Amino acid sequence: MSATKKHPSPSSTAFLLLPLALLTLGYMFYLHNFHVISFSCTSFVSAFSTANGTSKTPPPADRANLNMFFGILTMPHLHERRHLLRSVYALQTHNLTAAKVDVRFIFCNSIGDAYKMHLALEITLYGDIIILDCAENLNDGKTYTYFSSLPSLLGTGHKRPYDYVVKADDDAYFRLDNLALVLKDKPRDDLYYGMEVQCDYVKSICGVHNTFMAGFGYVLSWDLVEWIAESDTARSNKKGMEDMMLAKWFNLRGRAKNRYNGVPAMYDYNVNMSEKNDYQHDFIPDTVAVHKLKDNFKWNRALEYFNVTNSLK
């Protein structure tokens with residue numbers, strides 16, 4: 001007489017499967033949360049890659065056609081402004097297709113004890129800060145130190161790590177897609193782009209071109225950054241109004257022959273609308289960069305105008 005095979009009862013089957021189901025659900029929950037966390041940080045990983053210019057997450061091929069290093073000159077105590085700018089630029093770099101842009105915050109190593117803990121946390125979490133060997137200053141050589149330090153920090157032998165380097169202030173808002181479109185067909189060598197300002201009153205500084213690019217933000221091709229790092233002219237003329245001194249370096253040595261004026265797409269925001277001109281006016285749709293966003297109210301108006309957050313419910 002053959003033995004009858006016993007099948008487990010539905011209740012015992014459920015009891016046996018319950019731990020496995022819970023384990024599976026727990027694992028799925030872990031993966032889901034990990035995916036959400038990874039997704040929420042993707043833009044930061046893309047925007048704030050490692051110091052040698054290689055991204056932790058390789059960019060799509062179409063982003064590699066134009067590479068920019070975007071340095072925001074700021075000061076150690078401005079934590080709130082850095083957090084705002086991280087969000088502003090991460091939103092852009094996350095969806096940017098016209099270029100690959102690495103964003104960094106730049107300041108000197110004169111850091112008070114009150115800010116060291118905050119900076120240590122920021123660096124650990126975001127890895128997007130470069131601290132230069134200088135004392136914090138506006139027109140006493142910080143810009144020179146910024147540019148002259150980059151080749152040793154970012155250089156990768158004979159291959160240039162970036163096509164362009166941006167120097168930006170922390171009260172300026174660059175629209176990276178528009179900037180990339182402007183630069184797309186421009187020369188990758190000897191380029192100097194920004195809001196060109198006449199300087200008749202200081203012609204001895206500006207030199208033969210009698211103009212300079214306003215210091216709130218401008219673009220240099222990588223070869224000019226390398227030249228600054230090696231130039232005795234730049235090294236011996238690093239103190240003074242930084243944007244005018246930069247123009248002076250180029251003028252004295254016949255550099256930056258490919259100069260492009262960003263006006264009116266680069267401008268100062270005229271809050272009171274008291275005086276409008278090519279350099280100062282209200283927001284315009286094709287803005288590349290707008291300056292003088294000195295407080296949260298002005299940033300709010302800018303982000304509203306450019307529909308940065310209008311999709312929020």
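Quick note: the coordinates plus some simple rules give every number you see, no bench work behind them. Please read these numbers as outputs of a predicted model, since none were measured by experiment. Don't worry about glycine lacking a Cβ; one is built from the backbone with ideal geometry, like all the others, and counts go over all protein chains shown.
K257 to F283: extension gain in nm, 0.36 nm per residue of separation minus the Cα-Cα distance?
Result: 6.4 nm gained on full extension.
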Dipole magnitude (debye, nearest 20) for the range 43-305, charges at Cβ of Lys, Arg, Asp, Glu: 400
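What ratio of Cα Rg to 2.2 N^0.38 Å holds for the range 43-305? Walk me through the intermediate numbers first.
On the way: Rg = 17.6 Å, N = 263, 2.2 N^0.38 = 18.3 Å.
This ratio for the range 43-305 stands at 0.96.
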Of the residues H281, S149, N109, the Cα lying farthest along the dipole of the range 43-305 towards its positive end, which is defined by charges on the beta carbon of Lys, Arg, Asp and Glu, belongs to S149
Rounding to the nearest 20 debye, state how big the charge dipole of the range 162-265 is about its Cα centre with +1 on each Lys and Arg Cβ and -1 on each Asp and Glu Cβ. 320
Taking the Cβ of each residue in S311, S87 as the centre, tally the other Cβ atoms inside 10 Å and list the residues starting with the fewest. S311, S87
Under the 0.36 nm per residue contour assumption, what length would be gained going from the current alpha-carbon distance of L125 and T233 to full extension? 35.0 nm
Normalising by the residue count of the range 96-253, find the relative contact order in percent from Cα pairs under 8 Å and 6+ residues apart. 26
With bins 10 Å wide starting at 0, give me the P(r) of the range 264-313 over every alpha carbon pair, in whole percents. 26, 55, 16, 2
Near-label residues of the range 231-264 by backbone N, under 18 Å of a point 7 Å along Cα→Cβ of N137: 231-249
